[in-house]
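Asks: Structure provided below as structure tokens; questions to follow.
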Amino acid sequence: ILTEALTLRSSPIELKIARLYLLSDVLYNDVMYNTSPLDENFSVYKDEFKSRMKKIFKSIASAIDRVDPPPARVNVRTRVGRVLGTWAAWGLYPDEAIQRWGEIVSDSGSLDDLEGFQEGAEAAAAVAA
């Protein structure tokens, strides 16, 4: 249901971002509060969502492209970048996967140009310390 909600073309970008934050919370709780006695890397949702992330981030990128005025797009990309940076700091997914998703959303197609990514990574690392 969450993937469907994140990929609805009719959803406004603010709603998509709120749902991305919800997804981030679900993934954090799933991984950080793993209760499997058999496998410490067990995750109910992480692997399931990984296969859907490309579709999710393409939908977010498409919604960002419809944001008007164009300068407001930077703010939205920054928020998405913070989420991806946080996921990188948590080690939630492999760096290569996070980089691919960031490139989908980045205006230039480069994770290096995605505002907020480094900020999100640093904030998550500071909280963990």
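For every residue, the table says whether it meets (1) within 27 Å of residue 126 (Cβ to Cβ); (2) at pLDDT 95 or above; (3) surrounded by 14 or more Cβ atoms within 10 Å (Cβ to Cβ).
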site: 20; (1), (2), (3): yes, yes, yes
site: 51; (1), (2), (3): no, no, no
site: 70; (1), (2), (3): no, no, no
site: 76; (1), (2), (3): yes, no, yes
site: 111; (1), (2), (3): yes, no, yes
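Asks: Return yes or no: is residue 15 more than 21 Å from residue 127 (Cβ to Cβ) and open to solvent by less than 80 Å² (accessible area, probe 1.4 Å)? Give the derivation first.
Replies: Values: more than 21 Å from residue 127 (Cβ to Cβ): yes; open to solvent by less than 80 Å² (accessible area, probe 1.4 Å): yes.
Against the criterion (more than 21 Å from residue 127 (Cβ to Cβ) and open to solvent by less than 80 Å² (accessible area, probe 1.4 Å)), residue 15 qualifies.
Asks: Additional query: Quick check on my filter: what residues within segment 22-37 are small (Gly, Ala, Ser) and either at pLDDT 95 or above or surrounded by 15 or more Cβ atoms within 10 Å (Cβ to Cβ) (or both)?
Replies: Taking segment 22-37 as the starting set, the residues that turn out to be small (Gly, Ala, Ser) are 24, 36.
Matches in segment 22-37: 24 only.
Asks: Another question, if that's okay. Just need a number here: residues in segment 48-74 that are part of a helix (DSSP H, G or I), free of Cβ contacts under 8 Å to residues at least 12 places away in the same chain and over 24 Å from residue 26 (Cα atoms). If you could, list the steps in order and put the result at the bottom.
Replies: So in segment 48-74, the residues part of a helix (DSSP H, G or I) come out as 48-50, 53-65, 72-74.
Next cut, free of Cβ contacts under 8 Å to residues at least 12 places away in the same chain only: 48, 65, 72.
Narrowing the set further to residues that are over 24 Å from residue 26 (Cα atoms) leaves 65, 72.
Qualifying residue count for the region: 2.
Asks: So residue 10 passes all but one of these: (1) open to solvent by 30 Å² or more (accessible area, probe 1.4 Å); (2) part of a helix (DSSP H, G or I); (3) not aromatic (Phe, Trp, Tyr). Which condition number does it fail?
Replies: For residue 10, the failing item is (2).
Asks: Quick check on my filter: what residues within segment 73-126 are under 18 Å from residue 32 (Cβ atoms) and among the small types (Gly, Ala, Ser)?
Replies: Selection gives 85, 88, 89, 91, 120, 121, 123, 124, 125, 126.
Asks: Would you check if residue 100 is charged (D, E, K, R), at pLDDT below 95 and surrounded by 20 or more Cβ atoms within 10 Å (Cβ to Cβ)?
Replies: On the way: charged (D, E, K, R): yes; at pLDDT below 95: yes; surrounded by 20 or more Cβ atoms within 10 Å (Cβ to Cβ): no.
Considered against the rule, which asks whether it is charged (D, E, K, R), at pLDDT below 95 and surrounded by 20 or more Cβ atoms within 10 Å (Cβ to Cβ), residue 100 comes out as no.
Asks: Only residues that are under 13 Å from the mean Cα position of the chain (by Cα) and farther than 11 Å from residue 63 by Cβ: list them for segment 5-18, please.
Replies: Within segment 5-18, 18 is the sole residue that qualifies.
Asks: Out of 73, 100, 77, 66, which single residue is under 18 Å from residue 22 (Cα atoms), touching a helix residue (DSSP H, G or I) at 6+ places or on another chain (Cβ under 9 Å) and basic (Lys, Arg)? Before you say what the answer is, go through the steps one by one.
Replies: Details: 73 fails: under 18 Å from residue 22 (Cα atoms); 100 fails: under 18 Å from residue 22 (Cα atoms); 66 fails: under 18 Å from residue 22 (Cα atoms).
Step by step, each of 73, 100, 77, 66 is checked, and only 77 is under 18 Å from residue 22 (Cα atoms), touching a helix residue (DSSP H, G or I) at 6+ places or on another chain (Cβ under 9 Å) and basic (Lys, Arg).
Asks: Determine which single condition residue 93 fails, assuming it passes every other condition in (1) touching a residue at least 24 places away in the same chain (Cβ under 8 Å); (2) open to solvent by less than 50 Å² (accessible area, probe 1.4 Å); (3) farther than 21 Å from residue 111 by Cβ.
Replies: (3)
The values are calculated or read from the model by the stated rules, or taken from the named source; none is laboratory data. Everything numeric here is computed off the predicted structure, so don't read it as measured data. In this analysis, Cβ positions are derived from the backbone assuming ideal geometry, glycine residues included, and neighbour counts consider all displayed protein chains. We work out accessible area using only protein heavy atoms, side chains counted, and drop any ligands, DNA or RNA first. Shrake-Rupley method; radii C 1.70, N 1.55, O 1.52, S 1.80 Å.
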